[in-house]
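Asks: Before I ask anything, let me first share the structure, which is written out below as structure tokens.
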Amino acid sequence: MGFLYPYFLWALAGISLPVLIHLFSRKKGKPVLFPSLRFLKAARSMTGRRKKIEEIIILVLRTLLLFSLLIILSGPVLKVSSPFSREGHIIFIVDDSFSMDASAGLSSSEKLKDVLSEALSFIRKPARLALIYLSGEVFPFTHNYSEAASFIKRKDISWQAGNLPLAMEKALKMLEKERGDKIICFFTDLQKRPWNDVSFPEFGKKNVRFLVFDTGNAGINNAGFKRIYFIPGSSGITAEIQNWGDRETSAEIAVSGGQWQKTASFLLKPGALEAIRVDIPDTTGRITGSISTGDILSADDNYYFSFAQGPGEKVLVIGDPAETFYIEKALKAVSGEKREVVLISPEGSGDIFPESYSVLFVSCSGRLPEGMAEKVYRYLTEGGSMVCFPGNRVLAAGFNRYWQPAEKFIPFLMPARLKSVKTFAKAAGVGETASFHPLFLPLKGAVHQHTKTVIFRQLFTLDDISGDVLMKTSDGLPLLLEKKIGRGRVLLFTFPMDDTWTNIHYRPFFPVLVNNIFEHLSGTGADTFTAGNKVRMNVPYGTEKVHLYSPDGEKKELQKNPSDEIVFFPPKPGFWTLEFLRKNERVEKIIPVNVDALEGNLERIEIKEISKKIAGAGVTVVKKEKMREFLSKRNRTSEISPALLNAALLLLLLEIILINLLSSRKQGKTDAQNKL
Amino acid sequence: MANNNIFDPGLLVKFSNLPLIAKTVVEGFISGLHKSPHRGFSVEFSEHREYTPGEDLRYLDWKVFGRTDRFYVKVFREETNLKAYILLDTSNSMNYGSRSVTKLQYGVMLASILSYLMVKQKDAVGLVTFDTEVREFIKPMSTVSHLQNIFGALEKTEAGGETSLGTVLNRIALNIKKRSLIILLSDLMDDQGEIIRGLSHFRHRHNEVIVLHLLDPAEHELPFDGDCEFRDMESGERVLAGVPYVRKAYLKLMQEFLDSIRKSCGENRIEYAMTSTDVAFDSFLHSYLKSR
């Protein structure tokens, strides 16, 4: 309540007037001589209490009458039920997920800021305001609304999907110990997705009001990338594009990488997921996809993808030259000088930095330096790959022991344990192969044509097979196995490249197999990451510094944790680059970051569903166009003098009635006076 | 009562001539009675009348009953040698008059009228004025010159002192040796038990007692307004009271007092009559004598 003429309130001091009159009138009466006070004294003691009560009632009425008149003169105005200006706490939860950018241009970042600023303008002291963005940022409770307004102006819509349950939990925790009105205002496009994991069955008990300001539009259409992936052994990528809307739309996809660009047109049916195959000339480097469909959300119209990056075509081969000679030749046979093959002896491999290479070929397991297994493990978990041939003179027990690192949490790295050497009386040939595996897929089912001249005289038999067997002898003994370690792979041959064991390294099939192995192990492409989500990865062994480069080239140093891990949250899509520095070496790793594809689904939630998820909250949903009207109504100021005037008149009437009642008792006196 | 009536105390008080007032009232009163028998204060036997059940047995003539076996009561007629004492309370409370006549003035006029009336009937009349003490004591005589003495004493009467009725009445009773008619003019502003004890003393000494209770209209109406500071005329004590609040209780207490006095007098065979100072004398005398 406020007053138009508050200076009249000074006159409230005059309320003491009736009190003084009351006290004064009590002390003085008309002097009357009387023959005897015997009955008067007795009568007074009988009626004194009632008189006091009546006097007090009259005093109260007079005081109220005077009070009412002064209040009327002061021009009181009533501010009707304004939750934004009462003692209490208001939290704006702001949906800044990138879907908020999709309202046919009406709810862009700037528009959202305008809506927030407008809502903010209705907040008055003593209410305290806090802001929580679904992307995670929190502006704590404050009376400094201008600071909050500045914060709103600075904060753009994020590229993330947003976490509504977390934001709600934060808000409730912030309100938990506060007093007064508690209001959560959620500014959102009412996209259904953020509500999926929301469940507050006891929200009603928390005494918190929940207002939803709908900044979105119904009936909007959107299509976007779901993912791009590469099928090893193929010559192209596949792009999956989802039409989230209910309208058919034509689209054009453009895939570019390095110096090339491929485009394709297609039709997107309502609700359909289309897989578009695009042949590409080069499977190295970064690939960027973009579609143009004329929809209203552009964040999911771009996709970032990369093949194994950093080490590129760089291969490290560890082993005796006699054993690795054919491997080197096979690696270079297909790619020529483009593929860099580094040969190193087992003894000299102590200082290697596996992350500098896309694939390791190890042919000398028995004589590797100590600690190599741990180093390789970290390399594998981050997507590195290793191909292992048992050495010619290796012992099964020593081999098995070596690839079981001392650290307990590291598993046995090989797909199987070597058991013993089996010598065939009659050389064995190649039998069953996993023809659909990327190693053999390019051979298009004609594996046997390539392997029919390959023979095996000796083999290691195996125990505890924990990987997939990709190739067997005609007797069914494993020749080649594969095991996944982290994001990487380990391939194990059960024989060395030695004439006494096999002739495979002489056969034309060998360079094909080695090349396929390389393509398979290095060409699966790095995993893609989602904007706003946590990225956690092991740093390469011996890394001294890690730098992170944003798509805009901003550099930031990351700190390793005690487990030799780095953790970061790429806030926006694009190619992020990790730089690992070790002595004089530098390894680069490309992190393609994309928006959360599901965020492109703009399906809206029903109000009754919201009410179910936050049970007992009494949800009010206000369209952004009606927001001003809604908040203005709640802040309406109305003059209340007529009501007070009525109250004053009523008091006056009551006093008159009371005084008349008292006067009626004096009738006897009046009659007596008339006689005179 | 009409203000221009010759019996109006408000009018009569302006004459300040008691003999004239007494004569005017009594003569006017008597002439107004026509042939009504004057049986009022007489004790002399007149005739016999057949007894009607319920009549006072004091007046039953047992001798006639012995002779005739029939009940007759004795009817008395005027007697000229009655001794009467008029006792006038002159305490300060009697000096109260909310209108033109104070209780004392009214009492003085009434005493003079009664004196005149009794002397005119050849009765002896005396006067005693008192407050806490006896201020004037005039023995009864029936001569006209004596009447002048009484008038003179009444004219000099002034209010003063507090009321102490019980004590004073006892003292007066001891001074009255012969059986007499005692007429008390007072506002009875004293303890009721003391008053009755004092009056009973007269009765024990075989006096006939008549109490004429004088009250001002204000005393039985309390016609004031708002808060009043009442001051006791005798003690000077002050009491602040909101009249609208206390009136009802006051009137109730006053009525209870009057009823109680009347009842106590009846129980002690004392004649009691209450009059207000605004009541005309003829009306009072008429109704009173009629009731006797």
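Asks: If each of A:Ser550 and B:Lys177 carries a label point 7 Å out from its Cα toward its Cβ, how far apart are those two points in nm?
Replies: The answer from the label model is 14.1 nm.
Asks: For segment A:337-466, count the residues as N, evaluate 2.2 N^0.38 Å, and divide the Cα radius of gyration by that value, please. Mind showing how you got there, number by number?
Replies: Working: Rg = 16.7 Å, N = 130, 2.2 N^0.38 = 14.0 Å.
Cα-based Rg divided by the globular estimate yields 1.19.
Asks: Further, regarding this structure: Which whole number gives the average count of other chain Cβ atoms within 10 Å of the Cβ atoms across peptide B:93-100?
Replies: 3
Asks: Here's something else I'd like to know. What do you get for Rg/Rh over segment A:92-238 if you use C-alpha atoms and the Kirkwood form of Rh?
Replies: Rg divided by Rh gives 1.07.
Asks: Cα centroid distance between segment A:110-146 and segment B:208-223, in Å?
Replies: Their Cα centres are 88 Å away from one another.
Asks: Using only the Cα atoms, what convex hull volume per residue in Å³ does chain A have? List each step's numbers first, then the result.
Replies: On the way: hull volume 164.0 nm³, N = 676.
Measuring per residue, one finds 243 Å³ for the Cα hull of chain A.
Asks: Under a 5 Å amide H to amide H cut-off, with H placed in plane at 1.01 Å, what residues pair with B:Val209 once short-range neighbours are removed?
Replies: Placed amide hydrogens put B:Ile182, B:Glu271 under 5 Å from B:Val209.
Asks: Shifting gears a bit: Using the structure shown, select from A:Lys153/A:Lys626; A:Lys192/A:Lys608; A:Lys545/A:Lys589; A:Lys483/A:Lys589; A:Lys113/A:Lys192 the pairs with a Cα to Cα distance greater than 19 angstrom.
Replies: From the list (A:Lys153/A:Lys626; A:Lys192/A:Lys608; A:Lys545/A:Lys589; A:Lys483/A:Lys589; A:Lys113/A:Lys192), the Cα-Cα distance tops 19 Å for A:Lys153/A:Lys626; A:Lys483/A:Lys589; A:Lys113/A:Lys192.
Asks: Shifting gears a bit: Taking H as built 1.01 Å from N, whose amide H comes closer than 5 Å to the amide H of A:Arg604, not counting residues under 5 places away?
Replies: Residues meeting the amide H criterion: A:Lys192.
Asks: Straight distance only, please: which aspartates and glutamates reach the Cα of B:Lys178 with their own Cα at less than 20 Å, same-chain residues fewer than 8 apart left out?
Replies: B:Glu44, B:Glu78, B:Glu79, B:Asp123, B:Glu136, B:Glu208, B:Glu271
Asks: Here's another thing I want to ask about it. Just to check I understand the Karplus step: with θ = phi - 60° and J = 6.51 cos²θ - 1.76 cosθ + 1.60, what whole-Hz values come out for segment A:485-496, glycine and proline as x?
Replies: Values per residue, Gly and Pro as x: 10, x, 8, x, 9, 10, 10, 10, 8, 9, 8, x Hz.
Asks: Collect residues whose amide H, placed 1.01 Å from N in the peptide plane, falls under 5 Å from the amide H of A:Lys419; neighbours closer than 5 in sequence don't count.
Replies: Hits under the 5 Å cutoff: A:Thr461, A:Leu462, A:Asp463.
Asks: If you don't mind, there's one more thing I want to ask. Need one value for B:233-239: mean number of C-beta atoms belonging to other chains within 10 Å of its residues' C-beta atoms.
Replies: What the average comes to for B:233-239 is 4.
Asks: What would the Debye equation give as log₁₀ I(q)/I(0) for segment B:51-173 at q = 0.13, 0.18, 0.20, 0.23 Å⁻¹, counting only Cα atoms as equal point scatterers?
Replies: -0.65, -0.90, -1.01, -1.20
Asks: Want the number for A:Asp156 to A:Glu609: 0.36 nm per residue separation, take away the alpha-carbon distance, what's left? Can you show the working numbers first?
Replies: Details: separation 453, 0.36 × 453 = 163.08 nm, distance 2.85 nm.
Residue separation times 0.36 nm, minus the Cα-Cα distance, leaves 160.2 nm.
Asks: Under a straight-distance cross-link criterion of Cα-Cα below 18 Å, which aspartates and glutamates are reachable from A:Lys623, leaving out those fewer than 8 residues away in the same chain?
Replies: Result set, ordered by chain and number: A:Asp95, A:Asp96, A:Asp101, A:Glu110, A:Asp114, A:Glu118, A:Asp189, A:Asp214, A:Glu603, A:Glu606, A:Glu609.
Asks: Quick one: 3J(HN,Hα) in Hz for segment A:202-219, Karplus 6.51/-1.76/1.60 with θ = phi - 60°, rounded, Gly and Pro as x.
Replies: 10, 4, x, 6, 8, 6, 10, 7, 10, 10, 10, 9, 7, 9, x, 10, 7, x
Asks: Considering the Cα positions of segment A:424-571, please state its Rg to one decimal place and its Dmax as a whole number of Å.
Replies: 20.8, 65
Asks: What share of the DSSP beta bridges in the protein assembly as shown is antiparallel, in percent to the nearest 5?
Replies: Antiparallel bridges: around 60 percent, rounded to the nearest 5.
Asks: Here's another thing I want to ask about it. Just the number, please: Stokes-Einstein D of segment A:385-456 in µm²/s, Kirkwood Rh from C-alpha pairs, 25 °C, 0.890 mPa s. Show your work: numbers first, answer last.
Replies: Details: Rh = 15.2 Å.
Translational D for this selection: 161 µm²/s.
Bear in mind that the values in this text are calculations on the coordinates, not laboratory data. Predicted model only: the values in this text are computed from it and were never measured. Because the Cβ atoms are built from the backbone with ideal geometry, glycine has one as well, and the counts that use them run over all protein chains shown.
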